[in-house]
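As structure tokens, the structure follows; a few thoughts come after it.
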Amino acid sequence: MTDPMDNMTPADVAAMIDRLEFTDAPVTEADLGIDVGATAKPVWVPRSVKMPYDLDVACKARAKQLGLEQSSYIRSLIERDIAAAGTGGERPAWVQEILAVIAHHEHDEHRKAS
């Protein structure tokens, strides 16, 4: 993703600043369209995971068999492990949906041990 300001000239930036209106009026999260609290959507944190090439190939293949993106598959494994260890809270709805897909395909004929 590129920054739209990368191609702006100093004159473009100055013109944009001249159009801004500054007030002392308070601004809330709702004014900005930001949800907070119990209704807020989960924050997604990108993670870089290093693994051997063969494991990556097997991971991609298994995710494809399950009809999942590789990141969804990896998340499901982490969630399953945390749930099994009893260290997590209640699973979010999206996790339950992913686990339902995995459980549905658990005994597919083409399933191979990874």
Query raised in the report: When you scan segment 64-84, how many residues do you find that are farther than 20 Å from Lys50 by Cβ and modelled with pLDDT of 90 or more?
Result: 5
Query raised in the report: Do we have Met5 as open to solvent by 70 Å² or more (accessible area, probe 1.4 Å), outside any loop (DSSP other than H, G, I, E, B) and more than 26 Å from Ala93 (Cβ to Cβ) here?
Result: yes
**Report entry** Selection within segment 28-56 - farther than 18 Å from Ser71 by Cα and at pLDDT 85 or above
**Finding:** none
**Report entry** Any hit, segment 64-86, residues being under 23 Å from Ile102 (Cα atoms), among the basic types (Lys, Arg) and in contact with a Ser or Thr (Cβ under 9 Å, 6 or more places away or on another chain)
**Finding:** no
Query - Residue among Pro46, Pro52, Pro42 that is of a type outside the set (Asp, Glu), in contact (Cβ under 8 Å) with a residue 40 or more places away in the chain and open to solvent by 70 Å² or more (accessible area, probe 1.4 Å) - result: Pro42
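The values are calculated or read from the model by the stated rules, or taken from the named source; none is laboratory data. Remember, it's a predicted structure, so these values are computed and weren't measured experimentally. Positions of Cβ are backbone-derived with ideal geometry, glycine not excepted, and every protein chain shown enters the neighbour counts. Just so you know, the surface numbers come from the protein's heavy atoms only, side chains and all, with ligands and any DNA or RNA stripped out. Shrake-Rupley method; radii C 1.70, N 1.55, O 1.52, S 1.80 Å.
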